[in-house]
Amino acid sequence: MDKTRIDKWLWAARFFKTRSLATEAVNRGHVQIGKQDVKPARDVRVGDVLTILQANLPRTVVVMGISEQRGSAPVAQALYAETAESMEQRAKAAERRRLSPEPALALEHGRPTKRDRRNLEKTWDDRWSASLD
(Lines give C-alpha, C1' and ligand atoms only; values in the text may rest on other atoms or scores of the structure.)
Protein backbone atom coordinates (compact mmCIF):
# COMPACT_ATOMS: atom_id res chain seq x y z
CA MET A 1 0.00 0.00 0.00
CA ASP A 2 1.59 3.26 -1.09
CA LYS A 3 -1.27 5.74 -0.64
CA THR A 4 -4.42 6.31 1.39
CA ARG A 5 -7.00 9.00 2.02
CA ILE A 6 -5.75 11.85 4.17
CA ASP A 7 -8.63 11.63 6.65
CA LYS A 8 -7.92 7.92 7.21
CA TRP A 9 -4.23 8.59 7.65
CA LEU A 10 -4.81 11.41 10.16
CA TRP A 11 -7.06 9.11 12.16
CA ALA A 12 -4.60 6.19 11.97
CA ALA A 13 -1.69 8.47 13.00
CA ARG A 14 -3.75 9.55 16.03
CA PHE A 15 -3.94 13.25 15.23
CA PHE A 16 -7.72 13.01 15.64
CA LYS A 17 -9.80 10.73 17.83
CA THR A 18 -12.34 9.84 15.15
CA ARG A 19 -12.28 9.80 11.38
CA SER A 20 -15.21 12.21 11.24
CA LEU A 21 -13.21 14.75 13.29
CA ALA A 22 -10.33 14.33 10.85
CA THR A 23 -12.67 14.86 7.90
CA GLU A 24 -14.13 17.97 9.54
CA ALA A 25 -10.66 19.43 10.15
CA VAL A 26 -9.69 18.83 6.51
CA ASN A 27 -12.92 20.46 5.30
CA ARG A 28 -12.27 23.51 7.50
CA GLY A 29 -8.84 23.99 5.95
CA HIS A 30 -6.86 22.98 9.04
CA VAL A 31 -4.84 20.42 7.08
CA GLN A 32 -2.62 21.26 4.13
CA ILE A 33 -0.33 19.25 1.90
CA GLY A 34 2.53 21.30 0.54
CA LYS A 35 0.94 24.60 1.68
CA GLN A 36 -2.27 23.85 -0.26
CA ASP A 37 -5.69 23.10 1.20
CA VAL A 38 -6.97 19.64 0.38
CA LYS A 39 -10.18 17.63 0.46
CA PRO A 40 -10.71 14.56 2.67
CA ALA A 41 -10.44 12.17 -0.29
CA ARG A 42 -6.96 13.45 -1.26
CA ASP A 43 -4.37 10.69 -1.27
CA VAL A 44 -1.38 11.03 1.00
CA ARG A 45 1.90 9.34 0.09
CA VAL A 46 5.20 8.71 1.84
CA GLY A 47 7.28 11.89 1.75
CA ASP A 48 4.37 14.34 1.72
CA VAL A 49 4.74 17.34 4.03
CA LEU A 50 1.55 18.02 6.01
CA THR A 51 0.69 21.12 8.01
CA ILE A 52 -1.92 20.33 10.65
CA LEU A 53 -3.51 23.09 12.70
CA GLN A 54 -4.42 21.80 16.17
CA ALA A 55 -5.38 24.10 19.04
CA ASN A 56 -4.37 27.15 16.95
CA LEU A 57 -0.83 25.79 16.68
CA PRO A 58 0.48 24.48 13.35
CA ARG A 59 2.37 21.18 13.30
CA THR A 60 4.47 20.32 10.27
CA VAL A 61 5.04 16.61 9.75
CA VAL A 62 6.58 14.45 7.05
CA VAL A 63 4.73 11.24 6.20
CA MET A 64 7.01 8.26 6.87
CA GLY A 65 4.51 5.43 6.53
CA ILE A 66 1.00 4.63 5.34
CA SER A 67 -1.70 2.88 7.35
CA GLU A 68 -5.47 2.66 7.15
CA GLN A 69 -5.82 1.00 10.54
CA ARG A 70 -5.58 2.75 13.87
CA GLY A 71 -2.93 1.06 15.97
CA SER A 72 -1.16 1.71 19.22
CA ALA A 73 0.58 5.02 19.92
CA PRO A 74 4.11 3.77 19.13
CA VAL A 75 2.89 2.41 15.79
CA ALA A 76 1.12 5.69 15.03
CA GLN A 77 4.21 7.75 15.88
CA ALA A 78 6.21 5.70 13.38
CA LEU A 79 3.92 6.94 10.59
CA TYR A 80 5.29 10.50 10.69
CA ALA A 81 8.26 12.64 11.69
CA GLU A 82 7.73 16.15 12.98
CA THR A 83 10.09 18.80 11.63
CA ALA A 84 12.55 20.56 13.92
CA GLU A 85 10.96 23.97 13.27
CA SER A 86 7.56 22.65 14.24
CA MET A 87 8.86 21.18 17.50
CA GLU A 88 10.62 24.45 18.28
CA GLN A 89 7.42 26.45 17.67
CA ARG A 90 5.44 24.13 19.95
CA ALA A 91 8.08 24.45 22.69
CA LYS A 92 8.02 28.25 22.44
CA ALA A 93 4.21 28.30 22.60
CA ALA A 94 4.25 26.04 25.67
CA GLU A 95 6.76 28.35 27.34
CA ARG A 96 4.58 31.41 26.53
CA ARG A 97 1.55 29.67 28.04
CA ARG A 98 3.55 28.74 31.12
CA LEU A 99 4.78 32.30 31.65
CA SER A 100 1.50 34.05 30.89
CA PRO A 101 -0.39 35.42 33.90
CA GLU A 102 -3.24 33.45 35.40
CA PRO A 103 -6.54 35.07 34.28
CA ALA A 104 -8.16 34.49 37.67
CA LEU A 105 -5.53 36.66 39.35
CA ALA A 106 -6.82 39.68 37.42
CA LEU A 107 -10.03 39.65 39.44
CA GLU A 108 -9.85 42.27 42.16
CA HIS A 109 -12.39 41.04 44.65
CA GLY A 110 -13.17 37.50 43.63
CA ARG A 111 -16.39 35.75 44.58
CA PRO A 112 -18.57 37.33 47.27
CA THR A 113 -18.59 35.69 50.66
CA LYS A 114 -21.75 34.39 52.27
CA ARG A 115 -22.07 37.62 54.24
CA ASP A 116 -21.64 39.68 51.06
CA ARG A 117 -24.34 37.67 49.29
CA ARG A 118 -26.76 38.19 52.17
CA ASN A 119 -26.10 41.93 52.10
CA LEU A 120 -26.69 41.98 48.34
CA GLU A 121 -29.96 40.10 48.69
CA LYS A 122 -31.12 42.38 51.50
CA THR A 123 -30.61 45.52 49.41
CA TRP A 124 -32.46 43.99 46.46
CA ASP A 125 -35.52 43.21 48.56
CA ASP A 126 -35.84 46.74 49.90
CA ARG A 127 -35.10 48.76 46.80
CA TRP A 128 -36.37 46.69 43.90
CA SER A 129 -39.89 45.59 44.58
CA ALA A 130 -42.48 45.17 41.86
CA SER A 131 -45.33 46.50 43.99
CA LEU A 132 -47.18 49.71 43.16
CA ASP A 133 -46.44 51.78 46.30
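The values are calculated or read from the model by the stated rules, or taken from the named source; none is laboratory data. What you see is a predicted model; the values in this text were computed from it and never measured. All Cβ positions, glycine included, derive from the backbone under ideal geometry; neighbour counts span all protein chains shown.
Brief remarks follow.
- Odd one out for Tyr80, checked against (1) among the hydroxyl-bearing types (Ser, Thr, Tyr); (2) at pLDDT below 95; (3) within 22 Å of Met1 (Cα to Cα): (2)
- Some residue of the stretch 45-56 being in a loop (DSSP other than H, G, I, E, B), among the hydroxyl-bearing types (Ser, Thr, Tyr) and within 18 Å of Asp7 (Cα to Cα): no
- Selection status of Lys3, under 14 Å from Arg70 (Cβ atoms) and among the charged types (D, E, K, R): no
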